[in-house]
Amino acid sequence: MGKDLLEQLEKVKSLVRAHGGPRREVYLDLENSGLAFEEALAALQEAYRIYGNPSITHRPGWRALEVILEAEVGLMDLIGVSDGEIIFTHNGTEANNLAIMGFAKASRGRRKILVSQIEHLSIKFPAERLQENGFKLVEIPVDEEGFVDLDYLAGQVDGNTLMVSVAAVNHEIGTIQDLKAIAEVVRDKSPEAVIHTDACDALGRIPLDLEKAGVDMASFSGHKAFAPKGVGALYIREGIKIDPILHGQLSSQRLWPGAEDVPAIAGFAKALEILRRSFDECRYKMRRLRDLLINGLLGNIDGVMLNGPKGDRRAPDNANMSFLYCEGEALTVELSLRGVYVSSGSACTSRTLEPSHVLLAIGRPYEIAHGSILMKVSPMHEEEDIKYALEQIPEAVSRIRSISPKVMM
Ligand SMILES: Cc1ncc(COP(=O)(O)O)c(C=O)c1O
């Protein structure tokens, strides 16, 4: 065993010990890892007793297949599609990679791929890999709230365009894109170009009617939709051809070989069922808590700004704030001592300490992008949680500012 590994383990243990015992704990880092509905966790536990392999023809196998088909029906219903198929992966990253790489692999002729400047890294990186392999990648710029520039998009789509990928909801700043308008622009210029949306942050937060919107493929992540981790999904419209990017033993998932995580899929199916029966209740609750959090911070701290759009054009769970003269990473640690867990800047890039590409793309200067934290609420949070966060965040910000060399306020 490596010395480095043991040292790292010791360090993390001492961090956990040092951060023990706050008065209350409020977990708002749902970007990095989501919270699940209790009923979905119970469904996952229950399904651990379903031991069959869904591609095998005996009773335990059929029972496992039943779980998967139920999840497929539930997801299609919630996203407003009636044809095509759902491929269950193990997370949203795999679904996005399958959409981008698998579709490009199956393509003959067209070589141009368009993605927005603010896509999740699980879209951005595969698209960049394709560029290294001879595809042409174009990044569509966004405005200061993160909405894609439709005129620029219209100018770029042509007979060489293979696919356009724009997230329905941006994971960092909560921008809700107009998918229908995007699809219309694309179809007008090139009816054969395929439209993919990363809907990981949209499922369970905004109404989705993908068939009506003209979307051909969409990716989902279980833990972003209040289900347990271990499951993601890709919707593929009838007639869209994708090549597998993984190879191995045939499973019930035509394009994703290997053992399915049937218990996680059962948990996902339960979360989808809950969302279908109480969708409005969930999103209005999130919206109320989100506004309490955002307005509470804007009203009580100097030098704070909201990143992304306001009101109905913003996802109901998302609060992304920048605090001037306050380094986001330091604030995350200070808040952890107080039992409030948030992510600094982009969750996905926080380990590299680079400012988020999303915040830079909407025009935030480097130091403001660096001083941002991302918080997400869920239907499982209560007003008391947000009130506790609102007590702790201003104190944490003034403490970090008091020790920051840049303080001028
Ligand atoms: C918009 C978006 N796409 C993709 C992903 C990746 O999903 P997963 O964490 O399930 O791999 C995330 C995760 O945070 C996301 O927010």
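Structure above, values below:
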quantity	calculated
For the chain, built as a Gaussian network whose Cα springs stay under 10 Å, the top-fluctuating residue of 307, 97, 170	97
Percentage, to the nearest whole number, of Cα pairs in segment 256-308 over 17 Å apart	61
Neighbourhood charge, 11 Å Cβ-Cβ cut-off, centred on residue 43 and excluding it, Lys, Arg +1 and Asp, Glu -1	-4
Sequence ranges 64-76, 131-143, 36-48, ranked by mean other-Cβ count within 10 angstrom, highest first	64-76, 36-48, 131-143
Residues whose placed amide H lies under 5 Å from that of residue 116, excluding near-sequence neighbours	140, 165, 167
Principal axis dimensions, largest first and in whole angstrom, of the chain by Cα	61, 54, 50
Per-residue ³J(HN,Hα) for segment 72-89, Karplus 6.51 cos²θ - 1.76 cosθ + 1.60, θ = phi - 60°, Hz, x for Gly and Pro	5, 4, x, 5, 4, 5, 5, 9, x, 10, 10, 10, x, 9, 10, 9, 8, 10
Over the chain: helical MRE at 222 nm, DSSP H runs n ≥ 4 each giving -39500 (n - 2.57), nearest 500	-13000 deg cm²/dmol
For segment 12-61 versus segment 213-266, the gap between their alpha-carbon centres in whole angstrom	19
Pairwise FRET efficiency - residue 212 versus residue 42, Cβ, R0 = 30 Å, nearest 0.05	0.30
Note, ³J(HN,Hα) from phi for segment 283-295, Karplus 6.51, -1.76, 1.60, rounded to Hz, x at Gly and Pro	6, 5, 5, 4, 4, 5, 5, 4, 5, 4, 5, 5, 5
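Laboratory data are not the source of any read-out in this text; all were calculated from the coordinates shown. For clarity, every value in this text was computed on a predicted model and none was experimentally measured. Neighbour counts are summed over all protein chains in view; Cβ atoms, including those assigned to glycine, are modelled from backbone coordinates with ideal geometry.
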